[in-house]
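Structure record follows, encoded as structure tokens.
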Amino acid sequence: MQIADNTVVSIHYTLTNDEGEVLDTSRGAQALSYLHGAGNIIKGLEKALLGKQAGDTLAVTVAPEDAYGEYSEEFVQVLPREAFDGIDEVAPGMQFHADIGFGPQIITILNIDANGIAVDGNHPLAGEALTFDVEITGVRSATAEELTHGHVHGPECNHH
């Protein structure tokens, strides 16, 4: 079966940056399974996998605009200390999930000074070209429930 919209795809992958540094891998662990066409993975990788089948391997480099976007200075701002009330310790490098009006976003603390807390709302991989070394380990039709919910169901699913 070929990868198409509404198929469940299982892959092993190794993700590297331009310097060849390994950023993430599924090798040695459970394969990543996702619902193709539902936006569950970055669009550049999803596009490269379209039409492939179990057993295929490929290396694909995804440009920033098809991964986590270009780095934007607009997402760097200084927040008042009160924005972090209820959090015992705030330090540079800490990351939080925040709803910024158009969905959840990772916010990274850059520094803290008398003016407030400087944060960066860019994804940590924004502006980076990403290279995926992929092995497709399985392709199957999605179940009706998976299609309704927009993601893969299985033993690891705890959304329902």
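The values are calculated or read from the model by the stated rules, or taken from the named source; none is laboratory data. If you're wondering where the values come from, they're calculated on a predicted model, not measured in any experiment. Virtual Cβ from ideal backbone geometry, glycine too; neighbours counted across all protein chains shown. In case anyone asks, the SASA skips ligands and DNA or RNA and just uses the protein heavy atoms, side chains included. Shrake-Rupley method; radii C 1.70, N 1.55, O 1.52, S 1.80 Å.
Values as computed for the structure displayed
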quantity	calculated
Condition met for GLY55 (of a type outside the set (Asp, Glu), closer than 24 Å to ALA98 by Cα and assigned to a loop (DSSP other than H, G, I, E, B))	no
Count of residues meeting criterion [open to solvent by less than 40 Å² (accessible area, probe 1.4 Å) and assigned to a loop (DSSP other than H, G, I, E, B)] in the range 5-36	4
Whichever residue in the range 101-147 is under 18 Å from the mean Cα position of the chain (by Cα) and among the hydroxyl-bearing types (Ser, Thr, Tyr) and, among such residues, is farthest from ASN6 (Cα to Cα)	THR108
Qualifying strands (runs of 3 or more DSSP E) (wholly inside the range 70-117; at least 1 residues being among the small types (Gly, Ala, Ser) and without any contact (Cβ under 8 Å) to a residue 24 or more places away in the chain)	95-99
Residue match in the range 128-139 (condition: touching a helix residue (DSSP H, G or I) at 6+ places or on another chain (Cβ under 9 Å), loosely packed, with under 12 Cβ neighbours inside 10 Å and under 27 Å from LEU35 (Cβ atoms))	no
Failed item in (1) at pLDDT below 90; (2) open to solvent by 30 Å² or more (accessible area, probe 1.4 Å), with GLN77 passing the rest	(1)
Yes/no for GLY51 being at pLDDT 95 or above and within 30 Å of ARG140 (Cα to Cα)	yes
Meets criteria (exposed (fewer than 11 other Cβ atoms within 10 Å of the Cβ) and either modelled with pLDDT under 95 or touching a His at 6+ places or on another chain (Cβ under 8 Å) (or both)) for GLY101	yes
Residue within the range 51-74 that is over 28 Å from THR14 (Cα atoms) and open to solvent by 70 Å² or more (accessible area, probe 1.4 Å) present	yes
Failed item in (1) surrounded by 15 or more Cβ atoms within 10 Å (Cβ to Cβ); (2) part of a strand (DSSP E or B); (3) within 13 Å of the chain's Cα centre (by Cα), with ASN40 passing the rest	(2)
Selection status of GLY39, at pLDDT below 95 and either among the hydrophobic types (A, V, I, L, M, F, W, C) or out of contact with any helix residue (DSSP H, G or I) (no Cβ under 7 Å at 6 or more places or on another chain) (or both)	yes
